[in-house]
Every structure is written in C-alpha cells, then in structure tokens.
Amino acid sequence: MKIKSSIHGLTPMLTPRQSGFTLIELMISMVLGLLLLASLVYVYTNSAQSFRAQSALALIQSNARYAFEIMGVDIRQTGFTGADTTPTNVVGTPSPTTLSTLIDLANPLVGYENTYPPNRNPSGCASACYRAGTDSLTVVRVDTENKYAVTAHTGTSPYTFTVSPWPTSNPPAAGEVFVAADYPTAAIF
C-alpha cells in the first residue's frame, strides 16, 4: 500500500485490485467438477448394470413360470387314458425295449435324476430328446388333442374298428401308440 500526502494529511492510497480468478482457484474448481462428474458416471453405470441384472432375472423367472405352467398341464393329466380304468389289453405293441416307458400305466409319472429313462426310443426323436447330465420326467397319458371317432367296429373276434375322419394334415405315423377307449374300458395298440 502506498501512502499519499494530501491536504488533510497522509492517507493510504489503494491500488486497483486484480479482477477474475487465479490459476489455483480454476484448478480447484476443475478438480471439484471432475469429482462430481465422476460420481455421476459411477451412479449411472451402476444403475445400468443393476437394470441389466434385474432384466435377466425377470427373464429367467418368466421362463421358469412358463415351463412350470406347461409341465403342470401334463402332470395334471398323468395317467389319463380316456377310460375309467387302466387299460389291461395291450395289443400288438413293438418290443418292450423301445416302448416300455411309454405304455407303463402302472407308473405314469417317473423321474430320473441326472440321466434319461431306460428303454427309451432314440430313433423316435427327430432331435435330441434328452440332454446328457440333466434330470428328466416321464409322464404317461393320452394325447387329448388328436381324437378320432370310431365309426364302425366288430363285436366279435377278430376285433376291428374304423376311425373317421382320418386326418390328412397330421396323420398318425407307423409305430405310434394308440389308445381306443370308451368310458368303462380302454385298449392300447
């Protein structure tokens, strides 16, 4: 500070102050701004990662819910044959080594841990029916979607019957197992 003399005596004379920010102040404000920006980026990336994890979990839960619903439909129909009793008349089925688990109405629901059912028919699958090292569940029941009405039958031996209308879009294939049933009785052939 300079001292200047005046008629009133000595008075201090102020020099004009520097206007603006110093380099130190600018550097500190930039560091604080970068810290704030870094914390915002951290919060955003964590919320995005959390959203992806929650979406994946929701997808898994949705798939599990769908799988249990589909399995529930089949399991509720376990042992259904269309008749009041279990069919005792098994007519002309192929070797039991290929179909024994498919027509075993005494055990209509069987689970296998870490393996597939014995006596399975691998040639009957267009793709791999069983995945190695996984559990499997065999449900024996009558397919209720493909129904054919019996239009004529003989009441004497040899017993024959005719179904109508014979399907043209999805006809039965050779080697398929059929169940003929009215309410009191049923036969597998």
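Go over the candidates Thr86, Thr45 one by one and state the one that is surrounded by 10 or more Cβ atoms within 10 Å (Cβ to Cβ), under 35 Å from the mean Cα position of the chain (by Cα), β-branched (Val, Ile, Thr) and at pLDDT 95 or above. The conditions single out Thr45. Within the range 98-112, residues that are modelled with pLDDT under 75 sit with their Cβ atoms under 6 Å from residues that are buried (at least 16 other Cβ atoms within 10 Å of the Cβ) and not in a loop (DSSP other than H, G, I, E, B), at 6+ positions apart or across chains, in these pairs: Thr101/Thr138; Ile103/Ile188. In the range 136-171, the residue that is farthest from Asp104 (Cα to Cα) out of those that are touching a Phe, Trp or Tyr at 6+ places or on another chain (Cβ under 7 Å) and either assigned to a loop (DSSP other than H, G, I, E, B) or not hydroxyl-bearing (Ser, Thr, Tyr) (or both) is Ala152. When the range 140-153 is filtered for residues that are of a type outside the set (A, V, I, L, M, F, W, C) and either surrounded by fewer than 10 Cβ atoms within 10 Å (Cβ to Cβ) or closer than 18 Å to Phe80 by Cβ (or both), the ones remaining, listed by number, are Arg141, Asp143, Thr144, Glu145, Asn146, Lys147, Tyr148.
Note on the range 154-189: residues that are touching a residue at least 40 places away in the same chain (Cβ under 8 Å) and either touching a helix residue (DSSP H, G or I) at 6+ places or on another chain (Cβ under 8 Å) or surrounded by 10 or more Cβ atoms within 10 Å (Cβ to Cβ) (or both) total 10.
The values are calculated or read from the model by the stated rules, or taken from the named source; none is laboratory data. Keep in mind it's a predicted model, so treat the numbers as computed, not measured. For neighbour counting, all protein chains shown are included, and Cβ atoms are generated from backbone atoms with ideal geometry for every residue, glycine included.
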